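Q: The structure under discussion is supplied below as structure tokens; questions concerning it will follow.
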Amino acid sequence: MASQVLRRALGSRTNRIFGSASSANPSPSYASQPSAARVFSSSTTPITATLFPGDGIGPEIAESVKQVFKGAEVPIEWEEHYVGDQIDPRTQSFLTWESLESVRRNRVGLKGPMATPIGKGHRSLNLTLRKELNLYANVRPCHSLPGYKTRYDNVNLITIRENTEGEYSGLEHQVVRGVVESLKIITRQASLRVAEYAFHYARTHGRERVSAIHKANIMQKTDGLFLKVCKL
């Protein structure tokens, strides 16, 4: 039973953790991008996927995932790469081009949790992966589960967050001692593609409404542009 469920999920779902688009050559439209489902030619054809075990409990989680897939007899081959808070002894870097090219080549991947330095240290590897691989849409489902009592009942939301701009631009500097500045970058192109993604997702998943979450009442230029694009 588990084998059938996993094979059906791999063959039909289009969401994925990693995308194939390169930041150097972004697609102008989500609708024009190839479906991730095309990666899987059949339920018996071996699939090669990139695996970043990550930091902390990441390697333990990754090992459990591999055991689940093996137990379900899903034909998947893992191509593991080290990306984490410790420098790779081979390259003396936190993230290598070899790791990025693995994701671009395989077009599907799994990432474990990665430590993010707070207030100092190297740039967030999560943010770096988003930028380098152009992973602009973060899809977060939120559903109520039968048998679990929560404050709100019958929750059924999908949040799609733009992943590469705004507060995630990662552009900061110190103006003078005691004064720092963070740049919030919003572009029409990035706003349009995430809006297109959201509407495409809604159509293909039978959703009747898409809401744009913004602060255009305060950030009139940046969030104002985002809101304007969403209304196109």
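Q: Modelling each spin label as a point 7 Å along the Cα-to-Cβ direction, I'd like the Glu98/Leu232 distance in nm, to one decimal.
A: Simple spin-label model gives 4.1 nm for this pair.
Q: How much net charge surrounds Ile213 when only other residues with a Cβ under 11 Å from its Cβ are counted (Lys, Arg +1; Asp, Glu -1)? Before the final figure, lay out the partial values.
A: Details: positive: Arg161, Lys215; negative: Glu162, Asp223.
Here the charged neighbours net out to 0.
Q: Sticking with this one: I'd like the FRET efficiency for Glu79 and Tyr148, computed as 1/(1 + (r/R0)^6) with the beta carbon distance as r and R0 of 41 Å, rounded to 0.05. Each step should come with its number before you reach the end.
A: Numbers: r = 36 Å, r/R0 = 0.89.
So, using R0 = 41 Å, E works out to roughly 0.65.
Q: Going through the cross-link list Lys111/Lys215; Lys131/Lys184; Lys184/Lys228; Lys111/Lys221; Lys111/Lys228; Lys66/Lys111, which pairs have a Cα-Cα distance over 23 Å in this structure?
A: Lys111/Lys215; Lys111/Lys221; Lys111/Lys228
Q: Once the piece of chain linking Leu157 and Ser211 is laid out straight, how much longer is it, given 0.36 nm per residue of separation minus the C-alpha distance between them? Walk me through the numbers on the way to the answer.
A: Values: separation 54, 0.36 × 54 = 19.44 nm, distance 1.07 nm.
Residue separation times 0.36 nm, minus the Cα-Cα distance, leaves 18.4 nm.
Q: Fewest Cβ neighbours within 10 Å first, please rank Val194, Val83, Val108 accordingly. It would help to have the intermediate numbers written out before the result.
A: Details: Val194 23, Val83 26, Val108 19.
The order, fewest Cβ neighbours first, is Val108, Val194, Val83.
Q: I would also like to ask the following. Using all Cα-Cα distances in segment 163-232, what percent lands in each 10 angstrom bin from 0 up to the longest?
A: It works out to 19, 41, 27, 10, 4, 0, in whole percents.
No value in this document is a laboratory result; all are computed from the given coordinates. Being a predicted model, the structure only gives us computed values, none of them experimental. Glycine gets a Cβ as well: all are built from the backbone with ideal geometry, and neighbour counts include every protein chain shown.
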